[in-house]
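The values are calculated or read from the model by the stated rules, or taken from the named source; none is laboratory data. Every value quoted in this text rests on a predicted model; they were computed, and no experiment measured them. Because the Cβ atoms are built from the backbone with ideal geometry, glycine has one as well, and the counts that use them run over all protein chains shown.
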Amino acid sequence: MVDDLGSFPRPVLGALAAAERLLSRRTGATIVLADPEDLGGSDRSVVARARVARNPFSLPRTLVVKHYRDEPAPGRPDPFPFEVASAQLFTSMSPELRPSPVLIAHDPASRLLVMEDLGRSSTLADKLFGPDGAAAQRCMLSWAAALGRMQAATAGREKDFGALLRRLGERAWRDPMADEARAAFAGVAGLLHDELGVVASPAAVVIPRRGIAAGIYRWTARAYVAAIGFQVFLAGLFVFVGASMLPLHMTFAHVFIVLTTLLVGSALVGRLDGTRRRDALVMLGLLIVQGMLVHLRVVSPLISAFHPVNALVMFWWSTQVAKRA
């Protein structure tokens, strides 16, 4: 804690000032924060602890404020709504299952979160870089166990998380840390060799390859939705313009062979998760059925009449695949 605020970092003071305005607006009374303590944060955010000096309501004695300073780079996901949605989901849980501090307030306009203060403790980094190897091992195992409990507590609540994201204006669910994680994993083999002289096994490059495959899969899934929409437009030309438009509809059908090959290939060769492999294989099955329905006309035109019905199923399924991609 410090008393001389004149020498304190301006980003921290700015974050506390924004937190005071947010809490005052929320409670309808003046909230004053004092004795700031810089908790480090990162290049893109400020994290600080502060004492609630003027507290007309039953706020905790100390709070932790996190302020995202800059907007994300173009084309990159914004981690702020993901953190807010996560904190809201965790706060809704019972105390014995809650894996994070309680979210007290947040402000999307200021890109600010105010959370309860869990107190002072050593961080995982402190233990890992400390002199006590046994303590570092215990801390790492505790951290891994906590992650497991969090996964168990949130299993099956993906739709709740998605709804919270939509309330914050996020329409696409893309992990904001995915690119950084892939870049970090890509450097593991070199780091092991340079620092420890350890030659990594070929399995060490699976994650980077999976990242490339995931990118191909994601963009192919999106292209699939657009392609079906365009194919329906070509069918409309055949109905309303004339039979001369039918060859366009038939020729464009070959695009789906290419897209399905990319979708299935990236899912299987890239060793993506089971959900995406299943989604790709179901899409392949629907495409096979779609082609068979055309050729079954020689057996019964009534069977071929299901061709546009299956197209509707394909369009619905492609939107679900794109959402999960």
Of the listed residues (A134, A53, A145), the one being at pLDDT 85 or above, outside any helix (DSSP H, G or I) and either of a type outside the set (S, T, Y) or surrounded by fewer than 13 Cβ atoms within 10 Å (Cβ to Cβ) (or both) is A53
Screening K159, K127 for residues that are assigned to a helix (DSSP H, G or I), in contact with a Cys (Cβ under 7 Å, 6 or more places away or on another chain), at pLDDT 85 or above and charged (D, E, K, R) leaves only K127
Condition check: of a type outside the set (A, V, I, L, M, F, W, C), assigned by TED's automatic domain parsing to the domain that holds S318 and either touching a strand residue (DSSP E or B) at 6+ places or on another chain (Cβ under 8 Å) or surrounded by fewer than 16 Cβ atoms within 10 Å (Cβ to Cβ) (or both). Does H254 satisfy that? yes
Subset of region 13-50, residues more than 20 Å from V84 (Cα to Cα) and assigned to a loop (DSSP other than H, G, I, E, B), comes to G28, A29, T30, I31
Those residues of region 288-302 that are closer than 22 Å to T260 by Cβ and of a type in the set (V, I, T) come to a total of 3
Counting only residues in region 56-79 that are aliphatic (A, V, I, L, M) and at pLDDT 80 or above, the one farthest from A109 (Cα to Cα) is identified as L59
Checking T30, T62 in turn, the sole residue that is more than 30 Å from S122 (Cβ to Cβ), in contact with an Asp or Glu (Cβ under 9 Å, 6 or more places away or on another chain) and assigned by TED's automatic domain parsing to the domain that holds R149 turns out to be T30
Residue hits (region 73-105; farther than 23 Å from A146 by Cβ and free of Cβ contacts under 8 Å to residues at least 24 places away in the same chain) are A73, P74, G75
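Restricting attention to region 76-95, does a residue exist that is outside any helix (DSSP H, G or I), in the same structural domain as L16 (by TED's automatic domain parsing), of a type in the set (D, E) and over 22 Å from E158 (Cβ atoms)?
no
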Residue pairs within 9 Å by beta carbon, gap of at least six or interchain, first lying in region 135-159 and free of Cβ contacts under 8 Å to residues at least 60 places away in the same chain, second basic (K, R), listed first then second, are A135/K127; A136/K127; Q137/K127; R138/K127; C139/K127; M140/K127
Residue set S58, S122; condition hydroxyl-bearing (S, T, Y), surrounded by fewer than 20 Cβ atoms within 10 Å (Cβ to Cβ), touching a Cys at 6+ places or on another chain (Cβ under 9 Å) and not in a strand (DSSP E or B); output residue S122
From the option list S94, S86, single residue qualifying as of a type in the set (G, A, S), surrounded by 15 or more Cβ atoms within 10 Å (Cβ to Cβ) and either over 15 Å from the mean Cα position of the chain (by Cα) or over 22 Å from S121 (Cα atoms) (or both) is S86
Of (1) part of a helix (DSSP H, G or I); (2) touching a residue at least 60 places away in the same chain (Cβ under 8 Å), L272 fails just (1)
Residue match in region 199-208 (condition: assigned to a loop (DSSP other than H, G, I, E, B), surrounded by fewer than 16 Cβ atoms within 10 Å (Cβ to Cβ) and in contact with a His (Cβ under 9 Å, 6 or more places away or on another chain)): yes
